[in-house]
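Single-structure report; data block below.
The values are calculated or read from the model by the stated rules, or taken from the named source; none is laboratory data. Treat the numbers as computed from the prediction; the structure is a model and nothing was measured. Virtual Cβ from ideal backbone geometry, glycine too; neighbours counted across all protein chains shown. Areas reflect the complete protein model, heavy atoms only, side chains present, ligands, DNA and RNA absent. Shrake-Rupley method; radii C 1.70, N 1.55, O 1.52, S 1.80 Å.
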Amino acid sequence: PAITGSTRPTAARTYGELPTVAGEGMTALREWVDEIAALTKPARIHWVDGSRAENDALLREQVEEGKLIKLNPEWRPGSYLARSHPSDVARTEARTFIASEREEDAGPTNNWAAPDEIRATITPLFDGSMTGRTMYVVPFSMGPVGGPLSHIGVQVTDSAYAVTSIGIMTRVGTDVLREIAGGAPWVKTVHSVGAPLAPGQADVAWPCNDEKYIVHFPETLEVWSYGSGYGGNAILAKKCFALRIASVIGRDEGWLAEHMLLIRVIDPAGRAYHIAAAFPSACGKTNLAMLRPTIPGWRVETLGDDIAWIRPGEDGRLWAINPEAGFFGVAPGTGESTNVTAVETLWGNTIFTNVALRPDGDVWWEGLTDEPPAELTDWEGNPWTPASGRPAAHPNSRFTVAAAQCPQIADDWDAPQGVPLDAILFGGRRATNVPLVVEATDWTHGVFMGSNVSSERTAAAEGTVGELRRDPFAMLPFCGYNMADYFGHWLKVGQKLRFDRAPRVFQVNWFRKGTDGRFLWPGFGDNSRVIDWIIRRIEGEVGAVDSPIGRLPHPEDLDLDGIDVPQADLDELFAVDPQLWLQEADLTEEFYRTFEGRVPAPLWAELAALRYRLQRA
Ligand code: GDP
Ligand code: PGA
Ligand code: MN
């Protein structure tokens, strides 16, 4: 092969087959790979070409090494189960850093570290961290290769599990190298599980390290992740690049990188609408992305379930793509009665992590079926029965599967220019206060709503489950810069839109509970009833009730045909208690104050107006 660049194999290291792609940009890539290899000292380097054969070989190797369990192909062809170390099961937000030059650019919601200092801390950790292991070089594209909203990156990793996961979640391959060779900019991401192998030392099923660092350098467009094999910490293209780093690129270039699902809704008349929705982790994005409407005549096509990149178009509308190529979804709660589309998507070619194993070699998790099987092996590899008194699957157990496998994926889901947005939804998990749906009066009010989202903590990140925390735009753990500047950026993007073409903004809450602790709203497929109202609002077909917090549906406008929600529950679902909302307003003020004067004035004005309306209510 025609090798250009500076790669100098040493006696101790084999360099695998170097890609044959030549071009100016390849020199810089090879030099960088050399540099990382010199630091991490792997035994081998493997340039990943994204081919089927390569993927099959990587999966086979992981099975041979005891890192993956091959599922029974009769039930789950081409599928595997990974069991993580019990300490490495979720994103570690306390170990996640934004290393911007100035502390104020990270803002109070991020852990900031001075770039020089954190480099001085992590470089010794990466020194020799890949000893005895293979270093994979994975070129990937977020969005279709070469698309106008797409961006590319390279991940270096010593985890084959990460490589096979990235292969599902992104577009990996030599065509990305061609872009790099041609001079396209790319983001540098480095990942090591932090478990070097001494000569002769046996490997473990899930190598990781107690010490963890997930560090983002927004100015130099780099991510360095150490010590964890868990998806959100190891598939660096996803939360690290496509949200934290991309949000910074978007700020500088005038677009938005958002924690949003993306769907096309088709009404009975055949009219299509595009909706993006931001919900915190484990608050229903994947479910809404795969919605099966329970009202006749409606259809939903899936475009994305976790991340949207959104850009104002020449036409004054917002255009969105899903930059990913797969779903990394929460398994528990995914079942025939909740998300049948996901269940069908998972028919095969899926990597499961931390779910339970059935005696017949298939998988199971809480909520897949109403009744658990009599016998299982739990996510930690221990025997389990329904009497065990603990979940068989970890609450944050996951599936990794190609988007193309989703039976209701839109034909044009990977169209490079994306789709024009008609509505944006903000939501969270709120047992109280927040109504089922409320419409913002205009873009600024919508940004105010987004900035105020709070949600109960879930198992998707470390922390106490159930505790209420502010999660503006569902971006609290994912905004790569000062959150107050991010609010300002949203306001600025709004100014680029034509007033009559900007998406309408709504807040939704599927999770409100009665005093008896039961969900008041059936949720899942019945969320189509809320979508129906939203679309009729967009079309101007229904009016709304003005409330202090925004516009609520007239009771008769919500289509409840075929479901039985008691009137008392409906009243509670839409109840707006001015006293409780005034308390929320105090919390908003407290939150805004943590930004020390950086929250844009229009949002303070919204807060003042909200209080005025609540006091008069
Ligand atoms: P994501 O992480 O935001 O993609 O969230 P998921 O769609 O994976 O859902 C996370 C959890 O919320 C799962 O246990 C779901 O069953 C549950 N969930 C999703 N949608 C609803 C809903 O409309 N109502 C209720 N009660 N639970 C839901
Ligand atoms: P999610 O995030 O819960 O929003 O799907 C995946 C992750 O844990 O990184
Ligand atoms: Mn999800």
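Name the residue, out of I235, I180, I168, that is closer than 22 Å to L58 by Cα, in contact (Cβ under 8 Å) with a residue 24 or more places away in the chain and open to solvent by less than 10 Å² (accessible area, probe 1.4 Å).
Checking each option against the conditions leaves just I235.
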ask   = Among G488, G446, G427, G466, which is the only one that is out of contact with any Leu (no Cβ under 7 Å at 6 or more places or on another chain) and under 20 Å from E590 (Cβ atoms)?
value = G488
inquiry  = So, in the stretch 327-352, how many residues would count as being away from ligand 3 (no atom under 11 Å from the Cβ), over 18 Å from D526 (Cβ atoms) and out of contact with any Leu (no Cβ under 8 Å at 6 or more places or on another chain)?
reply    = 8
ask   = Do the conditions hold for E35, that is, is it modelled with pLDDT under 95, open to solvent by 60 Å² or more (accessible area, probe 1.4 Å) and among the acidic types (D, E)?
value = no
task = Output the number of residues of the stretch 601-617 satisfying the condition of being in contact (Cβ under 8 Å) with a residue 40 or more places away in the chain and closer than 11 Å to F487 by Cα.
result = 2
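With the requirement that a residue be away from ligand 2 (no atom under 16 Å from the Cβ) and aliphatic (A, V, I, L, M), what does the stretch 282-302 give you?
To start, the set of residues in the stretch 282-302 that are away from ligand 2 (no atom under 16 Å from the Cβ) comprises 291-301.
Result: L291, I295, V300.
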task = Give the residues of the stretch 241-278 that are within 16 Å of ligand 3 (Cβ to nearest atom) and within 29 Å of V163 (Cβ to Cβ), sorted by residue number.
result = A242, L243, E258, H259, M260, L261, L262
ask   = Only one residue in P477, P522 is within 16 Å of ligand 1 (Cβ to nearest atom), surrounded by 18 or more Cβ atoms within 10 Å (Cβ to Cβ) and either among the polar types (S, T, N, Q) or assigned to a loop (DSSP other than H, G, I, E, B) (or both). Which one?
value = P477
message = Can you tell me which residue is nearest to E462 (Cα to Cα) among those in the stretch 375-396 that are in contact with a Pro (Cβ under 7 Å, 6 or more places away or on another chain) and open to solvent by 80 Å² or more (accessible area, probe 1.4 Å)?
response = E380
message = Can you pull out every residue in the stretch 492-519 that is among the hydrophobic types (A, V, I, L, M, F, W, C) and either closer than 26 Å to N433 by Cα or near ligand 1 (Cβ under 10 Å from one of its atoms) (or both)?
response = V505, F506, V508, W510, F511, F519
request  = State whether one or more residues within the stretch 72-89 are surrounded by 15 or more Cβ atoms within 10 Å (Cβ to Cβ), over 19 Å from V204 (Cβ atoms) and among the aliphatic types (A, V, I, L, M).
outcome  = no
task = Take R470 and decide whether it is touching a strand residue (DSSP E or B) at 6+ places or on another chain (Cβ under 7 Å), open to solvent by 10 Å² or more (accessible area, probe 1.4 Å), farther than 25 Å from L221 by Cβ and within 16 Å of ligand 3 (Cβ to nearest atom).
result = no
inquiry  = Residue pairs, Cβ under 6 Å, 6 or more apart or interchain, first in the stretch 19-43 and on the phi > 0 side of the Ramachandran plot, second at pLDDT 95 or above and among the hydroxyl-bearing types (S, T, Y). List them.
reply    = K41/T131
ask   = Does A272 satisfy the criteria of being more than 16 Å from ligand 1 (Cβ to nearest atom) and hydrophobic (A, V, I, L, M, F, W, C)?
value = yes
request  = Please give the number of the condition L125 fails out of (1) touching a helix residue (DSSP H, G or I) at 6+ places or on another chain (Cβ under 8 Å); (2) aliphatic (A, V, I, L, M); (3) more than 16 Å from ligand 1 (Cβ to nearest atom).
outcome  = (1)
request  = Filter the strands (runs of 3 or more DSSP E) completely within the stretch 310-419 down to those with at least 3 residues that are out of contact with any Lys or Arg (no Cβ under 7 Å at 6 or more places or on another chain) and within 26 Å of W206 (Cα to Cα).
outcome  = 398-402
Residues that are more than 21 Å from W490 (Cα to Cα) and either of a type in the set (A, V, I, L, M) or surrounded by fewer than 18 Cβ atoms within 10 Å (Cβ to Cβ) (or both), drawn from the stretch 428-464 = A431, T432, N433, V434, L436, V437, A459, A460, A461, E462, G463, T464
inquiry  = Would you confirm whether or not the stretch 233-251 contains a residue that is of a type outside the set (G, A, S), under 19 Å from D526 (Cβ atoms) and within 16 Å of ligand 1 (Cβ to nearest atom)?
reply    = no
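Matching residues to (1) away from ligand 1 (no atom under 15 Å from the Cβ); (2) within 27 Å of G143 (Cα to Cα):
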residue: S388; (1), (2): yes, no
residue: V419; (1), (2): yes, yes
residue: A423; (1), (2): yes, yes
residue: R430; (1), (2): no, no
residue: V447; (1), (2): yes, yes
residue: E462; (1), (2): yes, no
residue: F473; (1), (2): no, yes
Test result for A585, over 19 Å from I266 (Cα atoms), among the aliphatic types (A, V, I, L, M), in a loop (DSSP other than H, G, I, E, B) and modelled with pLDDT of 95 or more = no
ask   = If you take the residues in the stretch 234-258 that are in contact with a Gly (Cβ under 8 Å, 6 or more places away or on another chain) and not hydrophobic (A, V, I, L, M, F, W, C), which one is farthest from V330 (Cα to Cα)?
value = S247
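I need the full set of residues from the stretch 458-467 which are within 16 Å of ligand 3 (Cβ to nearest atom) and on the phi > 0 side of the Ramachandran plot, in order please.
Once the filter is applied, which keeps residues that are within 16 Å of ligand 3 (Cβ to nearest atom) and on the phi > 0 side of the Ramachandran plot, the stretch 458-467 yields nothing.
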message = Go through the stretch 420-444 and report how many residues are closer than 16 Å to A544 by Cα and either assigned to a loop (DSSP other than H, G, I, E, B) or not β-branched (V, I, T) (or both).
response = 6
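Matching residues to (1) touching a residue at least 60 places away in the same chain (Cβ under 8 Å); (2) more than 16 Å from ligand 3 (Cβ to nearest atom); (3) in a loop (DSSP other than H, G, I, E, B):
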site: D526; (1), (2), (3): yes, yes, no
site: V530; (1), (2), (3): yes, yes, no
site: I534; (1), (2), (3): yes, yes, no
site: E541; (1), (2), (3): no, yes, yes
site: G562; (1), (2), (3): yes, yes, yes
site: L570; (1), (2), (3): no, yes, no
site: E590; (1), (2), (3): no, yes, no
site: V599; (1), (2), (3): yes, yes, yes
request  = Looking at (1) of a type outside the set (D, E); (2) part of a helix (DSSP H, G or I); (3) under 30 Å from N110 (Cα atoms); (4) free of Cβ contacts under 8 Å to residues at least 60 places away in the same chain, find the lone condition where L580 falls short.
outcome  = (4)
task = For residues that are in contact (Cβ under 8 Å) with a residue 40 or more places away in the chain, of a type outside the set (S, T, Y) and within 14 Å of ligand 3 (Cβ to nearest atom), scanning just the stretch 286-302, find the one that is most open to solvent (accessible area, probe 1.4 Å).
result = N287
